[in-house]
Amino acid sequence: MQTPSKLPLIVVFRVIADAIASEWMAQVDLVNPSAMPATRMANSVIDKVIVNQNAIVEMLSEYSGSDLLCYRAISPQSLIDAQGIVWNPLLDWSAKKMLAPMNVTSGVMYIEQPATSIDVYRSKLKEMNPYQLAGVHDLITISGSVIIPMALISNHLSIDQAWIASSVDEIWQEKQWGPDAEAKEARGKKRLDFEFAFNFWKSACKPI
C-alpha cells in the first residue's frame, strides 16, 4: 500500500495500523475514502507532516496569537456570561499551569498576545511526534483554539468539556433560536472529526 505521494503506507503505532486495516477490510465494491479517516490521517502524516513538521508547528503556534478564548462578544450579556463561565477558567489554567497568560478583548479587533505565552505553546507542539501533530492540528483548526486542545490532551478537560468549550457560541445560539437542522448536522460532523483527532493523538502516544 502506498500514500498519494507513492510512499509506503507504513505506520509506527499498532493501534493506528489496526484501524487502517479495519477500514480497508470494510471496503466492498468501491473504496470510499470518506469512510477511512485513519488511512487519510496516516497519509497526511507521511506525505505532509513529516516533511513539513517545523512549518506546521509554526502555523499552529499562530493560533495561540488569535485564540478563540481571547475574543469575547460585546453583546448580549447572556452570551458574554456564557463565554466567561466556560472560557475564563481555561485562561486561568493557561496562566497558572502552562505559565502562558493571555490577553482578552471584546469584539474582533486584534489583540497582541505575550510572545512568551506563544512560545510556551510552540514548545509543546515541538515536543509532539508527527502523528500527534497531525491529530492536534485537527483539534486546533476545528476548535479555533490552542488552549482547548492543550487542556484536553493534558487531561484537564474531558472530550465532552473540550467540545463544549469550542462550541459556546453555537450552543448559545441554539438555546436562543432553537435547533437548525443543517447547522446541527454540520456540528455533529465536526464533533465526530474532533473526537477522531483526539483518539488519533492518543493512539500516537505509545509505539508498537
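Where residues in segment 11-22 are touching a residue at least 24 places away in the same chain (Cβ under 8 Å) and within 12 Å of residue 45 (Cβ to Cβ), which of them is most open to solvent (accessible area, probe 1.4 Å)?
Among those that are touching a residue at least 24 places away in the same chain (Cβ under 8 Å) and within 12 Å of residue 45 (Cβ to Cβ), it is 12.
Please find, within segment 142-181, the residue that is nearest to residue 193 (Cα to Cα) out of those that are polar (S, T, N, Q) and buried (at least 16 other Cβ atoms within 10 Å of the Cβ).
Among those residues, the one meeting the criterion is 143.
Quick one: which of 61, 34, 78 is of a type in the set (S, T, N, Q), surrounded by 15 or more Cβ atoms within 10 Å (Cβ to Cβ) and assigned to a helix (DSSP H, G or I)?
That would be 61, the only listed residue that is of a type in the set (S, T, N, Q), surrounded by 15 or more Cβ atoms within 10 Å (Cβ to Cβ) and assigned to a helix (DSSP H, G or I).
How many of the residues making up segment 23-43 are more than 22 Å from residue 133 (Cβ to Cβ) and either in contact (Cβ under 8 Å) with a residue 40 or more places away in the chain or among the polar types (S, T, N, Q) (or both)?
Looking only at that region, the number is 3.
Quick check: anything in segment 182-202 at pLDDT 95 or above, outside any helix (DSSP H, G or I) and under 18 Å from residue 61 (Cα atoms)?
The answer is no, given that none of the residues of segment 182-202 is at pLDDT 95 or above, outside any helix (DSSP H, G or I) and under 18 Å from residue 61 (Cα atoms).
Identify all residues within segment 37-53 that are open to solvent by 30 Å² or more (accessible area, probe 1.4 Å), of a type outside the set (Lys, Arg) and either over 24 Å from the mean Cα position of the chain (by Cα) or within 18 Å of residue 198 (Cα to Cα) (or both); write none if there are none.
If the condition is that a residue be open to solvent by 30 Å² or more (accessible area, probe 1.4 Å), of a type outside the set (Lys, Arg) and either over 24 Å from the mean Cα position of the chain (by Cα) or within 18 Å of residue 198 (Cα to Cα) (or both), then 37, 44 are the ones that fit.
Out of 110, 131, report the one residue that is aromatic (Phe, Trp, Tyr) and at pLDDT 95 or above.
The match here is 131.
When residue 100 is evaluated against the numbered criteria (1) part of a helix (DSSP H, G or I); (2) in contact with a Phe, Trp or Tyr (Cβ under 7 Å, 6 or more places away or on another chain); (3) among the aliphatic types (A, V, I, L, M), which criterion, by number, is the only one it fails?
(1)
The values are calculated or read from the model by the stated rules, or taken from the named source; none is laboratory data. This structure is a prediction, so every number in the text was calculated from the model and none was measured. All Cβ positions, glycine included, derive from the backbone under ideal geometry; neighbour counts span all protein chains shown. Ligands, DNA and RNA are excluded from the accessible area calculation, which covers all protein heavy atoms including side chains. Shrake-Rupley method; radii C 1.70, N 1.55, O 1.52, S 1.80 Å.
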